[in-house]
1. Only one residue in LEU33, LEU87, LEU62 is part of a loop (DSSP other than H, G, I, E, B), touching a residue at least 60 places away in the same chain (Cβ under 8 Å) and more than 25 Å from PRO238 (Cα to Cα). Which one?
2. Taking only pairs six or more apart or across chains, which ones have beta-carbon atoms under 6 Å, a first residue in the stretch 166-177 that is assigned to a strand (DSSP E or B) and modelled with pLDDT of 95 or more, and a second residue that is open to solvent by less than 10 Å² (accessible area, probe 1.4 Å) and of a type in the set (Gly, Ala, Ser)?
3. Just to be sure I understand, how many residues within the stretch 65-76 are among the β-branched types (Val, Ile, Thr) and open to solvent by 30 Å² or more (accessible area, probe 1.4 Å)?
4. Of the residues that sit in the stretch 27-64 and are among the hydroxyl-bearing types (Ser, Thr, Tyr) and over 15 Å from the mean Cα position of the chain (by Cα), which one is surrounded by the most Cβ atoms within 10 Å (Cβ to Cβ)?
5. If you take the residues of the stretch 115-154 that are within 13 Å of CYS105 (Cβ to Cβ) and among the charged types (D, E, K, R), which of them is modelled with the highest pLDDT?
6. Scan (1) over 23 Å from PHE244 (Cβ atoms); (2) part of a helix (DSSP H, G or I); (3) modelled with pLDDT of 95 or more for the single condition SER200 breaks and write down its number.
7. Identify the single condition in (1) under 15 Å from the mean Cα position of the chain (by Cα); (2) on the phi > 0 side of the Ramachandran plot that VAL174 does not satisfy, given that it satisfies every other one.
8. In the stretch 207-237, which residue that is touching a strand residue (DSSP E or B) at 6+ places or on another chain (Cβ under 6 Å) and under 15 Å from VAL77 (Cα atoms) is most open to solvent (accessible area, probe 1.4 Å)?
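The values are calculated or read from the model by the stated rules, or taken from the named source; none is laboratory data. Everything quoted here is computed from the prediction, not taken from an experiment. Neighbour counts are summed over all protein chains in view; Cβ atoms, including those assigned to glycine, are modelled from backbone coordinates with ideal geometry. These area figures cover heavy atoms from the full protein model, side chains too; ligands, DNA and RNA do not enter into them. Shrake-Rupley method; radii C 1.70, N 1.55, O 1.52, S 1.80 Å.
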Amino acid sequence: MKIEEQVSERTSVASLARINLTYLARHGRLPNLAAPKTFTELVQWRKLHDRNSLFPILADKLAVKDIVTDRLGREWVTPTLWSGTELPENRRWPHPLVVKSRHGCNQIVFVKSGKEDWAKIRRDAVVWAKKTYGFWLDEWVYKHIPRGILIEPFIGYRGVVPVDYKFYTFNGQVVFIQVHLDREHDHRWMLFDRNWRRVSAVTQDDDPPAPRSLNDMIEAAENLGKNIDFVRVDLYEPEGLPVFGEMTFYPGSGLDPFDPVSLDKLIGAEWLKAIAAMTNESAQSSNRTPSDYGEQPEAALA
């Protein structure tokens, strides 16, 4: 079934029940889906109602590379060593490398030493490719991404997974940056504003230094996130050079709590502000006449 045909699909009772129950279990309360105010509630609302046909393309880890190359340049994109639906029987690429699904999250294996069990990795990849990711969390985007597997070179330094910078982008403006540390062993994260001031709770970790290419990364995230009310753009900075990771439309499926809890409403307010701004822009655009564009009416088509 084509994505366009799914745009008008109805919200099922089962989806509504699952969303309410999973949210209650993680946050201790039911989400306000009639008038969402917090970020985590807005993620649930998006699951139920937002059927933007561009989202599956941007969330596709293979297809999005063409878009990033076009907008930012090839140097931002990690090359694809191989892609397909079933891993080859024998590994033929030099390590270190990364095996991951193109259509889901948290489906990834790091091959660093070359001594990893390739047969097991193949079996795991078969399971990934057979299943539609996100069904039980009602994440509509993923069922419209072709199932498949990617192999990429490992972009960390000396076998260490790079720090993950996640840019919360609202209508093309970065407002918050989530920093993920030591994702392999002792995963933890903290939240900063765009001026690199911590807004999440104090932890045992000192504030990490801002990436050297922070301004370039913000500009890149805003380029990729323009005309989208909210998207999280994930970037890395291995060896001081910014690299694109992926684009995410349901961070944590809206089930991860914030610390402090007040951040949930603060971030939600930015999302609501972006929706309002885009709605006003659309209304103003639809009311324009050719004379509004002066002597160049073709500008109305831009």
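1. Sole residue among the options that is part of a loop (DSSP other than H, G, I, E, B), touching a residue at least 60 places away in the same chain (Cβ under 8 Å) and more than 25 Å from PRO238 (Cα to Cα): LEU87.
2. The qualifying pairs are PHE167/ALA221; THR169/ALA221; THR169/GLY225; PHE170/ALA274; VAL174/ALA221.
3. 2
4. Here the answer is THR38.
5. Filtering first and then ranking leaves GLU139.
6. (2)
7. Only one criterion is unmet by VAL174, namely (2).
8. In this case the residue turns out to be TYR236.
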